1. Within region 103-121, take every residue that is part of a loop (DSSP other than H, G, I, E, B) and of a type outside the set (A, V, I, L, M, F, W, C) and give me the one that is nearest to Glu76 (Cα to Cα).
2. Which condition number does Ile75 fail, the rest of (1) modelled with pLDDT of 85 or more; (2) closer than 30 Å to Gly94 by Cβ being met?
3. Condition check: surrounded by 12 or more Cβ atoms within 10 Å (Cβ to Cβ) and over 21 Å from the mean Cα position of the chain (by Cα). Does Glu76 satisfy that?
4. Quick check on region 32-66: of everything there that is among the charged types (D, E, K, R) and surrounded by 10 or more Cβ atoms within 10 Å (Cβ to Cβ), which residue is modelled with the highest pLDDT?
5. Look through Val11, Val29 and report the one residue that is part of a helix (DSSP H, G or I), β-branched (Val, Ile, Thr), loosely packed, with under 10 Cβ neighbours inside 10 Å and at pLDDT 75 or above.
6. When Lys89 is evaluated against the numbered criteria (1) within 20 Å of Leu118 (Cβ to Cβ); (2) among the basic types (Lys, Arg); (3) modelled with pLDDT of 85 or more, which criterion, by number, is the only one it fails?
Amino acid sequence: MSANPYIPILVIFAIGFGFAAFSVGIAAVTGPARYNRAKQEAYECGIEPSPQALQGGRFPVKYFLTAMLFIVFDIEIVFLYPWAVTFDKLGLFGLVEMAIFIGTVFVAYAYVWRRGGLEWD
């Protein structure tokens, strides 16, 4: 008889969940509860928070553009790492495929650059 191979994974998840629940619970019990007006307000990097409409208001398009750029270039890194690890095994096929992938990402980067998406003013 052999043990179920998923038991270690379940144990790790249980330990992680237990640690998270314990951390949140102990912080709520032992942490100070001194609330004032400044702590209740939204924090915007030291800038006075702007009033929002009751329906939520609109976010600037620059916010979403920054988020999408982060996702695009983060996904690029996620795909580059396994390719770099198995580079020798993939041979010329892997090199050509990665060149096509990097070319595609570079086209997106050039487009965003030309449209002014990387100017943070």
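1. Among those residues, the one meeting the criterion is Gly117.
2. The one condition Ile75 does not meet is (1).
3. Considered against the rule, which asks whether it is surrounded by 12 or more Cβ atoms within 10 Å (Cβ to Cβ) and over 21 Å from the mean Cα position of the chain (by Cα), Glu76 comes out as no.
4. Restricting to residues being among the charged types (D, E, K, R) and surrounded by 10 or more Cβ atoms within 10 Å (Cβ to Cβ), the top hit is Lys62.
5. One residue alone meets the criteria, Val29.
6. Lys89 satisfies every listed condition except (1).
The values are calculated or read from the model by the stated rules, or taken from the named source; none is laboratory data. If you're wondering where the values come from, they're calculated on a predicted model, not measured in any experiment. Quick reminder, even Gly has a Cβ in these numbers, built from the backbone with ideal geometry, and neighbours come from all protein chains shown.
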